[in-house]
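One structure is given here, and the rest of the page talks about it.
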Amino acid sequence: MWDLSSSFVFSENDVGKNRALASFQKLQELNNAVVISTLTTTLTKQKLSDFQAVVFTDISLEKSLEYNDYCHNHQPPISFIKTEVRGLFGTVFCDFGPKFTVFDVDGEEPHTGIIASISNDNPALVSCVDDERLEFEDGNLVVFSEIQGMKELNDGKPRKIKSVRPYSFTLEEDTTNFGTYVKGGIVTQVKQPKVLNFKPLRAALKDPGDFLLSDFSKFDRPPLLHIAFQALNRFICEFGRFPVARSEEDAQKFISIAGNINECLGEGGVEDINPKLLTHFAFGARAVLNPMAAMFGGIVGQEVVKACSGKFHPLFQFFYFDSVESLPVEPLDPIDFKPLNSRYDAQISVFGSKLQKNLEDAKVFIVGSGALGCEFLKNVALMGVSCGSQGKLTITDDDVIEKSNLSRQFLFRDWNIGQAKSTVAASAAVSINPQLKIEALQNRVGPETECVFNDDFWENLTVVINALDNVNARLYVDQRCLYFQKPLLESGTLGAKCNTQMVIPHLTENYGASRDPTEKQAPMCTVHSFPHNIDHCLTWARSEFEGLLEKTPAEVNAYLSNPSEYATAMRNAADAQAKDNLERILQCLEQEKCETFQDCVTWARLRFEDYFVNRVKQLTFTFPEDATTSTGAPFWSAPKRFPRPLQFSTTDPSHLQLIMAASILRAETFGIPVPDWVKNTKMLAKAVEKVIVPDFQPKEGVNIETDEKATSLSTGSVDDAAVINELLFKLERCRNNLPSGFRMKPIQFEKDDDTNYHMDLIAGLANMRARNYSIPEVDKLKAKFIAGRIIPAIATSTAMATGLVCLELYKVLDGAHKVEDYRNTFANLALPLFSMAEPVPPKVMKHRDMSWTVWDRWILRGNPTVRELIQWLKDKGLNAYSISYGSCLLFNNMFPRHKERLDKKVVDVAREIAKEDLPPYRSHLDVVVACEDDEGNDINIPQISVYYR
């Protein structure tokens, strides 16, 4: 029965069954491509030789030593992982053999830099452009490429660097007799394999070396837990059972065993065996808690991947962790921990039935049901959250399940593709725990859905758990939790990295108080004319995809749906954007109109010529290779790369692949059937060869944007409405020649369908552009990753993050913890690195004898007038001079006419100025009041809620 609160693969019907057999079917459902087998007989050492890596979770230390000796000495060595979770304590031990090679220690892309100069010195000084700071470190190996002048460095030989600074480094090589550096060049980090010498468990127990720390406030904890886990094994061997929960007698026996082990260690022991901590260890030793299992499952899962792939640095070798801060603050009667013969008995043995009741009656809002959301649902279902008569869990997500979700969103199966995420996830969670009270919604959380998630909804919540993947949504939920003073448990993942942040009313700062810097965007002119990496090419390719296949067809349909209204709007605008829109529609329906599939092939071939030949010829005509800037410096200096036009060839598979994808998608927008012959290389080549490609001559005076601060490409200005009228006249004539009811089909980019040719076109466009600029090309998968703006997500870091958050959930629902009991976490399973710290308290503001933080909201009831609001503040020593409601200014003492509003109700002034009805579900409005003290100093006061009914 105790297994039901820690494992999602078991149900009440499985009690009494063999664990392996009971879990087999549900594990197989996760991925049919993985062959799963069970072993229910005694495991022999010889059986281990069938495996590359083995994980042990519930065996004695003696058996562990026996199996580990075999694995360590086996040829080749078998990677051995041992892990235990005992109550709020856990451990992992890894031994991947005497010589284990790690091929990529951190999983990051090799760092690069664009060279600006190299000196002829010993050692040589290499300077890079100040586009981005260098990420190199002293001792790194690097290779050089594309250098002009000092060509000796282009030999591909790794070279060591030192004295690394933000934009320069020293090369440990004499370049005195090398050629003189002229221009260009890329420097790229070379990742070096690392060989690790693991100790076997028998030796590591006696000499564990340095422990991997997770919490620096507990720097003395790992050596003690190293002893505690050995003491538990000895207790079980001696008494044939675990210590009984809350048994003081068993706890004292356990502490005595730990003391004896510590004495035997001599100088290697700990000074204080901390009886209080060991008592907690003994009390919960039998229980496996779901959040701990999720966290350690994530860690161990990643270690298995490392063992099999050599990617990322393995855990070396012991890791210990505890979360005793999750225990209830108030002392409880021993009877509160008595088993109830329920699925939550393991959890009750650690936390007591009072906290279990709090969990069951909690009203929880989980925002998002993707990777994090699925894990959270599984965790809270197993913990019994919202499973009581008073409890309710609301989950919302407006997305549907896609194939790419299945690798990490484990509540979904193949047959759920296309269904609503929240509905499927809720159903799966109920199958884990039928007692779960859950409502699934398909609404995005934001200002537009405040009629759904209204004041009553937020006020009735106990806690909010974010499972979102974008900052704006997080900030909105943060503001709602701030306003309604609700705890917010925040987390996020990025590949092997994860972070958690606890937002607790009045104890911690809110999520929006500290923000990561915004991601640097490439300047528009770089993307359009001067790309120097594949990201620029893919950004351009996706922009062209959306312009040609989505925006232009949608603009065509907008015109055809109501030509007169559209024409009026364009005449009223009479600007460069209106001209551009009309020109694109006219081009699409006249010069580039497609009626047959051969027309689509012609369009694709001419696009190729325009993009990769003509535009490059024009660019290099306007800015020749020897062009200089106004200061006399070479125009084509780093990071700019001088482009070369392509020569189209039907014998180049990449050229034909691009033509095929472009033709098929163009045909789709015009509703033209796609013939089977398009996939026949020879027949497609014949169709392409029929296309007449006109000669191109570069023009004088063409304006090409070079200002990196420009946010959009200039299309000139239109002062005279005559140009707009002429375009509209041509469009009207063109429309009369179209079939009745003609409409185009806009195509929205969809990255996850491998048969729709979307990524084929984007990858093809990007790679041809990369070829123009001598930029390394990428395969379709890498292109999909960048152009699809995919945030890398893996199941291991997701499991760890949600496990850590749920350990904090115990504290929130206990309701009595101080800020120092909570933990924010940053972890990187690739390194591995774990960094836990207390949350930052909110900033306190003071005035006279009052103090407040961002969590405070002042309330004024009785439907006051503006004058009464000002007087209410005056009584606090605050002189109000401006009152705002949203973006509307309700009162400012600088405007004489505003004095007429003083004796009006605040709510009436708001209705009058904002010119909108206040929602019927709301009984107050929130105003921001600017105040100063008697000395004229501005005082930043909380938002004021003025109740009018």
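The values are calculated or read from the model by the stated rules, or taken from the named source; none is laboratory data. Since the structure is predicted, the reported quantities are computational estimates derived from the model, not experimental observations. All Cβ positions, glycine included, derive from the backbone under ideal geometry; neighbour counts span all protein chains shown. With ligands, DNA and RNA removed, areas are computed over all heavy atoms of the protein, side chains included. Shrake-Rupley method; radii C 1.70, N 1.55, O 1.52, S 1.80 Å.
When only C-alpha pairs under 8 Å and at least 6 residues apart count, what is the relative contact order of region 532-774, in percent? Could the numbers behind the result be given before it?
Details: 247 pairs, mean separation 100.4, N = 243.
Dividing the mean separation by the residue count of region 532-774 yields 41 percent.
Rounded, prolate or oblate: which one fits the chain, using the alpha carbon gyration tensor with axes a ≥ b ≥ c (rounded when a/c is under 1.5, else prolate when a/b beats b/c, else oblate)?
Oblate, since a/c reaches 1.5 and b/c is not below a/b.
Return the ratio Rg/(2.2 N^0.38 Å) for region 532-774, where Rg is computed over Cα atoms only.
Normalised Rg, Cα atoms only: 1.09.
Return the carbon/sulfur percentage of the accessible area of the chain, one whole number, probe 1.4 Å, all protein chains in place. Show your work: numbers first, answer last.
Details: 22630 of 44980 Å².
Answer for the chain: carbon and sulfur cover 50 percent of the accessible area.
Enumerate the helices in the chain for which the Kyte-Doolittle hydropathy averages 1.0 or more and the C-alpha atoms extend at least 27 Å along the helix's axis, using complete DSSP H runs.
Answer set is empty.
Hey, what did region 845-947 get for relative contact order, percent, Cα under 8 Å, at least 6 apart?
36 percent
Percent relative contact order of the chain, based on C-alpha pairs within less than 8 angstrom and at least six residues apart?
13 percent
Let me make sure I get this right: for region 252-294, a, b and c are the square roots of the gyration tensor eigenvalues over alpha carbons, sorted descending. Under 1.5 in a/c it's rounded, otherwise prolate if a/b > b/c, else oblate. Which is it?
Details: a/c = 2.82, a/b = 2.06, b/c = 1.37.
Prolate shape, in that a/c is at least 1.5 and a/b is the bigger ratio.
What translational diffusion coefficient, in µm²/s and rounded to a whole number, does the Stokes-Einstein relation yield for region 177-262 at 25 °C and a viscosity of 0.890 mPa s, taking the hydrodynamic radius as the Kirkwood radius over Cα pairs? Don't jump to the answer; show the numbers that get you there.
Details: Rh = 17.7 Å.
Answer, rounded: 139 µm²/s.
Could you pull out the pairs from Lys82/Lys751; Lys206/Lys276; Lys486/Lys846; Lys199/Lys311; Lys218/Lys437 whose alpha carbons sit more than 28 Å apart here?
The answer is Lys82/Lys751; Lys218/Lys437.
Calculated from DSSP H runs of 4 or more alone, at -39500 (n - 2.57) each and per residue, what is the 222 nm mean residue ellipticity of the chain, nearest 500?
-10500 deg cm²/dmol, from helical runs alone.
Between region 44-109 and region 540-599, how many Å separate their Cα centres?
The two parts, judged by their Cα centres, are 62 Å apart.
Could you name the aspartates and glutamates whose alpha carbon sits less than 14 Å from that of Lys899, not counting residues in the same chain fewer than 8 places away?
Glu868
How about region 908-949: which GluC sites (Glu not before Pro) there are in a DSSP loop, with at most 11 other Cβ atoms within 10 Å of their Cβ?
Of the GluC sites (Glu not before Pro), the ones in loops of region 908-949 whose Cβ has at most 11 other Cβ atoms within 10 Å are Glu916, Glu935.
Over the chain, with the other protein chains present, what is the accessible area per residue in square angstrom, probe 1.4 angstrom?
About 47 Å² of surface per residue is accessible.
In straight Cα distance, which lysines are under 28 Å from Lys617, not counting same-chain residues fewer than 8 positions off?
Lys151, Lys183, Lys551, Lys579, Lys593, Lys640, Lys686, Lys690, Lys699, Lys709, Lys780
Can you give the net charge of the other residues whose Cβ lies under 9 Å from the Cβ of Thr462, counting K and R as +1 and D and E as -1?
Result for the local shell: +1.
Calculate, for Asp934 and Val693, the FRET efficiency according to 1/(1 + (r/R0)^6) with r their C-beta to C-beta distance and R0 56 Å; round to the nearest 0.05.
Calculated transfer efficiency: 0.10.
Could you tell me which trypsin sites (Lys or Arg not before Pro) in region 89-154 are loop residues by DSSP with no more than 12 other beta carbons within 10 angstrom of their beta carbon? Before the final figure, lay out each step's value.
On the way: sites: Lys99, Arg133, Lys151; in loops: Lys99, Arg133.
When the trypsin sites (Lys or Arg not before Pro) of region 89-154 are filtered for loop state and at most 12 Cβ neighbours within 10 Å, Lys99, Arg133 remain.
PRE reach from Ser342 (point 7 Å along Cα→Cβ): which of region 400-438 fall under 12 Å by backbone N?
What the label zone holds, given the 12 Å backbone N cut-off, is 435-436.
Find, among the trypsin sites (Lys or Arg not before Pro) in region 668-711, those assigned to loop by DSSP (not H, G, I, E, B) with at most 13 other beta-carbon atoms within 10 angstrom. Kindly include the intermediate steps, with their values, before the conclusion.
Working: sites: Lys679, Lys682, Lys686, Lys690, Lys699, Lys709; in loops: Lys690, Lys699, Lys709.
Answer by residue number: Lys690, Lys699, Lys709.
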